[in-house]
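The values are calculated or read from the model by the stated rules, or taken from the named source; none is laboratory data. All figures in this text were calculated on a predicted structure; none of them were measured in a lab. No Cβ is skipped: glycine too gets one built from the backbone with ideal geometry, and neighbour counts run over all protein chains shown. Keep in mind that these areas ignore ligands, DNA and RNA; they rest on the heavy atoms of the full protein, side chains included. Shrake-Rupley method; radii C 1.70, N 1.55, O 1.52, S 1.80 Å.
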Amino acid sequence: MLGNSTKTSIEQTLTKPSAEISIINIVESIIEFAYDSRASDIHLSPTENAFKVRVRIDGVLQDSFTVPVEIHQEIISRIKVLSGLRTDEHNTPQDGRFKFMTKDKKTRFDIRVSIMPTHYGENAVLRLLVEQGETFNLENIGFSKRDIKAIRHAISKPYGMILATGPTGSGKTTTLYTILRELNNPDVSIITIEDPIEYSLEGVDQIQVNSQTGLTFARGLRSILRQDPNIIMVGEIRDNETAGIAVNAALTGHLLLSTLHTNDAATTLPRLLDMEIEPFLIASTVNIAIGQRLVRKLCNICKLKKELTEKELESLKETFPMEHLGKSKIFYSPVGCKECSKTGYISRIGIHEVLEMTEAIRNAIVARASSAEIRRIAISEGMTTMLQDGINKAKEGITSLEEILRVIHE
């Protein structure tokens, strides 16, 4: 089991009297365990009688350890020291960052820290920014052949907007980084403005938003335009001002990549209308909108192939439209083994929908059509919805129908 030896060592340490526990070692061991377990986040939460440690693996939080409440504040203080935060401030949220080297000295990565005062004292959430993104490409993050063709066509244009949409934690930034890697060559100037910078990209000028100095997305984007870039990535379009500057940049010969918080690809276009962008400008600048979610991948060692009964199929029809399920009765289920830490899943992959800007969709935007109408047109022109993409991956044994249901309900 991943991280098993580290977990055993931590559990043995935590049985000692609090005075004998090395705070430095316990913090390092918890981070090492999270790294070994492929966790994206560590949650350290105080309760009345304990200090709980949970890790998020493949998008799902799992209980890991219970630390004696007596050393709660010492652990928080150690994390603050590592992050360069104030150890004498306990009633104000604090954000920081530090670098961590694994015990084998092979991997060094950034950890983003958020400290928050709660009813039972300060908690901490640590995001592990492990640079696995270097191995990503459009194929292995889950895009279908049709969608890859559409994305490559959109990014081959010298100007316009490439928008990735979805809730927090749906892999939007990874998608944009993957596209930037495809575009990154010595012939072009690429500048990004991000909050925060998740991974470093060689050959790309990356700017960190800093509210304390007034460096916002909007202000940074204005400055970037004076730096003669070919390609710009804006971490997120959050407000009307940023949206207006982004559209102007796309109109004036720049390829601009960004993210929006919307439920699906079709809702992206009316969302820009809400930000007071004129319909004809949206129709002229948006090349493509990518909607996405992340689903867990079935463990290849223990996944179970099964044929659904007629009764099970009838039950599924209440959730999944019949045309999505098709005639297939063969799907796969999670089981759980040593390799996947008894979860039945290892790693995650995206389910996507890629909306191309066609003449019919441009006309619908100019007419201020609803997202439902835009979605209907896109499907009629061949767009695969996220739900259909998820079911296709379930048929291929990449994920399970249970996982698609979980993500849809979320």
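Values for this structure:
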quantity: Every pair of residues 6+ apart whose Cβ atoms lie under 7 Å, when the first sits in the stretch 25-53 and is farther than 24 Å from residue 90 by Cβ while the second is open to solvent by 30 Å² or more (accessible area, probe 1.4 Å) and part of a helix (DSSP H, G or I); calculated: 29/9; 33/7
quantity: Condition broken by residue 64, with the remaining ones in (1) under 21 Å from residue 121 (Cα atoms); (2) at pLDDT 95 or above; (3) under 26 Å from the mean Cα position of the chain (by Cα); (4) not basic (Lys, Arg) satisfied; calculated: (2)
quantity: Residues (in contact with a strand residue (DSSP E or B) (Cβ under 6 Å, 6 or more places away or on another chain) and on the phi > 0 side of the Ramachandran plot) located in the stretch 333-391; calculated: 347
quantity: Residue selected from the stretch 252-261 under the condition of a type outside the set (Gly, Ala, Ser) and within 17 Å of residue 155 (Cβ to Cβ), by the criterion surrounded by the most Cβ atoms within 10 Å (Cβ to Cβ); calculated: 256
quantity: Selection count where residues are open to solvent by less than 60 Å² (accessible area, probe 1.4 Å) and within 15 Å of residue 399 (Cβ to Cβ), scope the stretch 279-302; calculated: 8
quantity: Sole residue being surrounded by fewer than 18 Cβ atoms within 10 Å (Cβ to Cβ), part of a strand (DSSP E or B) and among the acidic types (Asp, Glu), chosen from 88, 63; calculated: 63
quantity: Filter pass, residue 78 being over 25 Å from residue 130 (Cβ atoms) and either among the β-branched types (Val, Ile, Thr) or modelled with pLDDT of 90 or more (or both); calculated: no
quantity: Among (1) modelled with pLDDT under 95; (2) open to solvent by 10 Å² or more (accessible area, probe 1.4 Å) - the single one residue 391 does not satisfy; calculated: (2)
quantity: Among the residues listed as 213, 175, the single one being open to solvent by 40 Å² or more (accessible area, probe 1.4 Å) and of a type in the set (Ser, Thr, Tyr); calculated: 213
quantity: Residue 246 being small (Gly, Ala, Ser), under 27 Å from residue 372 (Cα atoms) and crowded, with 22+ Cβ neighbours inside 10 Å; calculated: yes
quantity: Criterion: at pLDDT 95 or above and on the phi > 0 side of the Ramachandran plot - qualifying residue of 214, 171, 160; calculated: 160
quantity: Residues of the stretch 197-210 satisfying the condition of being touching a strand residue (DSSP E or B) at 6+ places or on another chain (Cβ under 8 Å) and loosely packed, with under 15 Cβ neighbours inside 10 Å; calculated: 200, 203, 205, 208
quantity: Those strands (runs of 3 or more DSSP E) lying entirely in the stretch 124-218 with at least 2 residues within 30 Å of residue 72 (Cα to Cα) and more than 21 Å from the chain's Cα centre (by Cα); calculated: none
quantity: Test for residue 45: is it at pLDDT 95 or above, within 27 Å of the chain's Cα centre (by Cα), open to solvent by less than 50 Å² (accessible area, probe 1.4 Å) and small (Gly, Ala, Ser); calculated: yes
quantity: Sole exception among (1) of a type outside the set (Lys, Arg); (2) modelled with pLDDT under 95; (3) open to solvent by less than 20 Å² (accessible area, probe 1.4 Å) for residue 345, by number; calculated: (2)
quantity: Condition met for residue 2 (touching a Lys or Arg at 6+ places or on another chain (Cβ under 7 Å) and modelled with pLDDT under 90); calculated: yes
quantity: Yes/no for residue 289 being in contact with a strand residue (DSSP E or B) (Cβ under 7 Å, 6 or more places away or on another chain) and assigned to a strand (DSSP E or B); calculated: yes
quantity: Pick from the stretch 117-140, criterion within 24 Å of residue 106 (Cβ to Cβ) and of a type in the set (A, V, I, L, M), ranking: modelled with the highest pLDDT; calculated: 126
quantity: Within the stretch 102-116, considering residues that are open to solvent by 40 Å² or more (accessible area, probe 1.4 Å) and at pLDDT below 95, the one nearest to residue 171 (Cα to Cα); calculated: 112
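Residues checked against (1) of a type outside the set (D, E, K, R); (2) at pLDDT below 95:
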{"site": "292", "(1), (2)": "yes, no"}
{"site": "307", "(1), (2)": "no, yes"}
{"site": "313", "(1), (2)": "yes, yes"}
{"site": "338", "(1), (2)": "no, yes"}
{"site": "358", "(1), (2)": "yes, no"}
{"site": "401", "(1), (2)": "yes, yes"}
